[in-house]
Amino acid sequence: MQEKNGKDVRLFIYHASQCDPKKCTGKKMARFELARLFEQVNRIPRESILLDPMAEKALSPEDNARKGITVLDCSWEHVEEVFPQLVRLNLQHRALPYLVAGNPVNFGRPFKLTSAEAFAAALYILGNKTQAQAVMDKFNWGHTFLELNHEPLEEYSRAKDSKEILRIQSEYM
């Protein structure tokens, strides 16, 4: 897999303490030093890309992740309550395109990704495929996510902008 650049993208997690700690992919990533965990909103690095399912713009290879990527690690039941708190921060809000979960809890469900899956998808789309693989390698089901989504991830990674991502996404929905 060819990398977009030789550097790993810094990964950040705002942990809302709403999930089962035994199943929390964000905490596991932090334990393996693949991501940095924050428990206060104001600690999220400014200008990082926030993976936001309610964002108006889709993540695409034209986005610049030099300030890192941030994921909100919270329960899907509370996502609509938590994301509005982050709107006032100076972050680049981006939505991931259509992908299906490979994790055992939400297997096959569109858009219901774990934090690790969201990071891996973003990294892949941005051209950091080796780093995406390294994230998924920490989970025994990680290969499943990448296999299930290989074709769309490849297409998304070749898109030129958000509009093209949306066009490609429409073919999978």
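What follows draws every value from the coordinates through simple rules; no lab data is involved. What you see is a predicted model; the values in this text were computed from it and never measured. All Cβ positions, glycine included, derive from the backbone under ideal geometry; neighbour counts span all protein chains shown.
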**OP:** Note down the net charge around residue 33, summing +1 for each Lys or Arg and -1 for each Asp or Glu among other residues with Cβ under 15 Å from its Cβ.
**Re:** +4
**OP:** Taking H placed 1.01 Å from N in the peptide plane, check which residues at least 5 places from residue 36 or on another chain put their amide H under 5 Å from its amide H.
**Re:** 11, 12, 13
**OP:** Pull up the cross-link candidates among the aspartates and glutamates for residue 7, meaning alpha carbon to alpha carbon under 19 Å and not fewer than 8 places away within one chain.
**Re:** 33, 47, 62, 63, 137
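Around residue 160, what is the net charge, scoring Lys/Arg as +1 and Asp/Glu as -1 over all other residues with Cβ under 13 Å from its Cβ?
On the way: positive: 158, 163, 167; negative: 62, 63, 155, 161, 164.
So the environment of residue 160 carries a net charge of -2.
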Original post:
Between 115, 152, 173, whose Cα lies farthest towards the positive end of the dipole of the stretch 100-173 when Lys and Arg beta carbons carry +1 and Asp and Glu beta carbons carry -1, centred on the Cα centre?
Top reply: 115
Original post:
What's the local net charge at residue 172, with K and R +1, D and E -1, over the other residues with C-beta under 10 Å away?
Top reply: -3
**OP:** With label points built 7 Å along Cα→Cβ from the Cα atoms of residue 111 and residue 138, find their separation and express it in nm.
**Re:** 2.7 nm
**OP:** Report the GluC sites (Glu not before Pro) located in the stretch 84-173 that are in a DSSP loop and have at most 15 other Cβ atoms inside 10 Å of their Cβ, or state none.
**Re:** none
Subject >> Residues whose placed amide H lies under 5 Å from that of residue 49, excluding near-sequence neighbours >> reply: 68, 69, 70, 92
